[in-house]
1. Provide a single number: the residues in the range 23-63 that are open to solvent by 100 Å² or more (accessible area, probe 1.4 Å) and within 8 Å of the ligand (Cβ to nearest atom).
2. Restricting to the range 85-103, what's the tally of residues that are over 15 Å from the mean Cα position of the chain (by Cα) and of a type outside the set (A, V, I, L, M, F, W, C)?
3. Within the range 1-22, take every residue that is away from the ligand (no atom under 13 Å from the Cβ) and polar (S, T, N, Q) and give me the one that is least open to solvent (accessible area, probe 1.4 Å).
4. Picking from Q76, Q82, Q106, which residue would you name as being under 18 Å from the mean Cα position of the chain (by Cα), in a loop (DSSP other than H, G, I, E, B) and either without any contact (Cβ under 8 Å) to a residue 12 or more places away in the chain or more than 16 Å from the ligand (Cβ to nearest atom) (or both)?
5. Restricting attention to the range 81-97, does a residue exist that is closer than 20 Å to K44 by Cβ, exposed (fewer than 15 other Cβ atoms within 10 Å of the Cβ) and of a type in the set (D, E)?
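The values are calculated or read from the model by the stated rules, or taken from the named source; none is laboratory data. Please read these numbers as outputs of a predicted model, since none were measured by experiment. Every residue, glycine among them, receives a Cβ derived from its backbone with ideal geometry; neighbour counts consider all protein chains shown. Note: accessible area is taken over every heavy atom of the protein model, side chains too, but ligands, DNA and RNA are not part of it. Shrake-Rupley method; radii C 1.70, N 1.55, O 1.52, S 1.80 Å.
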Amino acid sequence: MSELDLHTDCENCQGLCCVAPPFAKSNEFAYAKAEGEPCRHLAKNDRCLIHEDLVTKGFIGCVKFECFSAGQKVTQHHFAGQSWQDDHLTAKRMFHIFFIVKALQQKIKALLEDDAEGNAEKITTLEQLSLASEEDLLTLDLDRL
Ligand code: SF4
């Protein structure tokens, strides 16, 4: 795996980062929203309505945000053919898995940057884990990892 594999691909995601995480009103976000609440600027087709104006509209936090490719992985691999817009339970499951996969991807990113001996093996293990079943992911002890 390379850093390229961790690049965000919004075209293959369902705007998970615009729904799953909460954000507080600050100089990075112009208003506050709860976890699992779709951002008011997210269109039905999962695209940002103010994408070109994020900074001027007070959403520099969105420009800075990085999912390390967790969004497209969850959308395409774990929940292929389903959408958080289908029903409340699917949304809840997707967001939970999104947070777990994002944490794994973030660890992979850190290991890639560290470039220490033995990291390649750890990265392979984390990559395999990130593709594990929903049941297996839910039992992961991320702190221990
Ligand atoms: S402002 Fe746009 S990019 Fe930021 S959370 Fe809302 S829809 Fe997503």
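1. Residues in the range 23-63 being open to solvent by 100 Å² or more (accessible area, probe 1.4 Å) and within 8 Å of the ligand (Cβ to nearest atom): 4 in total.
2. The first filter runs over the range 85-103 and keeps only residues over 15 Å from the mean Cα position of the chain (by Cα), leaving 85-90.
From what is left, the residues that are of a type outside the set (A, V, I, L, M, F, W, C) are 85-88, 90.
Summing the residues that are over 15 Å from the mean Cα position of the chain (by Cα) and of a type outside the set (A, V, I, L, M, F, W, C) in the range 85-103 gives 5.
3. The residue in question is S2.
4. Details: Q76 fails: in a loop (DSSP other than H, G, I, E, B); Q106 fails: in a loop (DSSP other than H, G, I, E, B).
Only one candidate qualifies: Q82.
5. yes
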